[in-house]
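As C-alpha cells, the structure follows; a few thoughts come after it.
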Amino acid sequence: MRKVDVAVVGGSFAGVSAAIMLARARRRVVILDEGRTRNRFASASHGFLGQDGAAPQAIRRKGLAEVLAYPTAGLIEGRVERISGKAGAFVLEGTESVQAARVILAYGQRDVLPDIPGLAECWGRTVVQCPYCHGYELADRRTGLLAVEAIPMHHATQLRDWTDDLVLLENGVAVTPEEAAALDRPGLAREAGRVVGVRHTNGAIEAVELEDGRDVMMRALYLVTWQEPASALGEDLGCVLEETPMGRHLKVDEHQRTTVPGVFAAGDLARPYPSATQAAATGNTAGAACHQDLLGLLPTD
Ligand SMILES: Cc1cc2nc3c(=O)[nH]c(=O)nc-3n(C[C@H](O)[C@H](O)[C@H](O)COP(=O)(O)OP(=O)(O)OC[C@H]3O[C@@H](n4cnc5c(N)ncnc54)[C@H](O)[C@@H]3O)c2cc1C
C-alpha cells in the first residue's frame, strides 16, 4: 500500500491548490481524483486569475501538471470509496489503497437539479445558476428565472444588471405581498404556472413549457440549485455538516479543519457559495494548515 503524509481527495481548484503547498514543503502528497469537476458542463470558466475563459478541464490539467512536477507529489486517477482510521494512519480505499497521516477532502459539491425534462441537457450552457460565471455571455437575452421551493428574490434583483427582459417562473411557489411589491418593476414579468418541460436544441434553451400547455420563450434560464457533497466520505468519517438555504457542506474552522482530527476540507465542499477562486484559496489554506499540523504547530482550538 502506498504510504504518504497527506492524501487529498479531489484534484481540482481546491485539491490541487492544497497539494502544491505540501509538495513545496517537500511532503509526500497524493491526489486521488476521478475528474468529474462541478463545472464540467460548461465550456469555459470565468473570473479565475490568469485563466478567464479557459476550458475547465484545461485549467485542471495545467494545475495537476504543475503539482506533479514536484518529486514528492503523486496522482491516482479514480474514485475513493472509503476512508477509515484516524489521524496518523488513515486508510483510503478505492482504485488504489493509500495510507496517509492526514487527509484533505476537496471532492466538491453536486448540484441537485429539479426533475424537469430537458433541463439537465441545458445545464452549464443556457440553464445556469451563477450570473458572475455566465451572465456576461448570456446578457441582453430574454431570460427566465425559475423558482424552486422559494422565490429567488436575490437573483430577481441582481439579474437587472444582465437583462431588462426577465420572466419569473413561479412554478407553483406562493409569492408573498412583500415579494410581489419588490418584483413589480419594468422589465420583469411573472408566470405563476408549474414548469413541466424545457425545449432546447443541443442545450440551447428555446422555451419552457407550462402545465397549462403554453410555452414561455427564452434564451437563458437561471435557477438556484440545492447543493450536496459530491461524496459521503466526510460524513462517513463523522465530520459535521452545516446546512444553509443553498444546501449542505462540511463544517470547517479558519484553518479548514473539519470536526474530525487530522481531516481538513476545502473548496465548494467546505463553503456554501461555489467559486473557483475561493476553492483555490481555501485549498491553499488547507494545504499550509495541514503541513503545520504535521509539525504540531497548529493551535489545538
Ligand atoms: C456549470 C457551472 C459553471 C461554473 N462556472 C464557474 C466559473 O465560470 N467561475 C467560477 O469561479 N466558478 C464556476 N463554477 C463553480 C466551480 O465549478 C466550483 O466552485 C469549483 O469547481 C470548485 O472547485 P473544487 O475543487 O472545490 O471542486 P470540483 O471542481 O468540483 O472538483 C472536485 C473533484 O473531486 C472529485 N471527486 C469527487 N468525489 C470523489 C471521490 N470519491 N474520489 C475521487 N475523486 C472525487 C471530482 O471528480 C472532481 O474532480 C461553475 C459551476 C458550475 C456548476
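The values are calculated or read from the model by the stated rules, or taken from the named source; none is laboratory data. As the structure is a computational prediction, the values presented were derived from the model and not from experiment. Counting neighbours? That spans all protein chains shown, and the Cβs are built from the backbone with ideal geometry, glycine included. To get the accessible areas, we keep the full protein, side chains included, count just its heavy atoms, and leave off ligands, DNA and RNA. Shrake-Rupley method; radii C 1.70, N 1.55, O 1.52, S 1.80 Å.
Key figures for this structure:
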| quantity | calculated |
| --- | --- |
| Per residue solvent-accessible surface (Å²) - the chain, probe of 1.4 Å | 47 |
| Tail fraction, Cα-Cα pairs, segment 162-297, threshold 23 Å, whole percent | 55 |
| Estimated FRET transfer efficiency when R0 is 41 angstrom, pair residue 93-residue 181 (beta carbons, to 0.05) | 0.15 |
| Cα-based convex hull volume of the chain per residue, rounded to whole Å³ | 133 |
| Accessible surface of residue 282 - all protein chains present, 1.4 Å probe, nearest 10 Å² | 20 |
| Whole-Å semi-axes of the ellipsoid equivalent to segment 1-125 (Cα gyration tensor, √5λ, descending) | 28, 19, 10 |
| Between helix 56-68 and the chain: long-axis angle, C-alpha atoms, 0 to 90°, nearest 10 | 10 |
| Cβ charges +1 (Lys, Arg) and -1 (Asp, Glu), total dipole of the chain, debye | 1360 |
| Charge dipole (debye, nearest 20) of segment 114-223; +1 at Cβ of Lys and Arg, -1 at Cβ of Asp and Glu | 220 |
| Relative contact order of segment 49-132, pairs being alpha-carbon contacts under 8 Å that are 6 or more residues apart, as % | 13 |
| Free-standing Cys, the chain [no other Cys Cβ under 4.7 Å] | 122, 239, 290 |
| Those lysines that a straight Cα-Cα span of less than 23 Å connects to residue 3, excepting residues fewer than 8 apart in one chain | 86 |
| Selection from 10, 65, 91 lying farthest towards where the dipole of segment 1-147 points positive, charges on Cβ | 91 |
| Relative contact order [Cα under 8 Å, 6+ residues apart], segment 114-223, whole percent | 35 |
| Residue range of the chain that is longest and free of GluC sites (Glu not before Pro) which are both DSSP loop and sparsely packed (at most 15 other C-beta within 10 Å) | 1-95 |
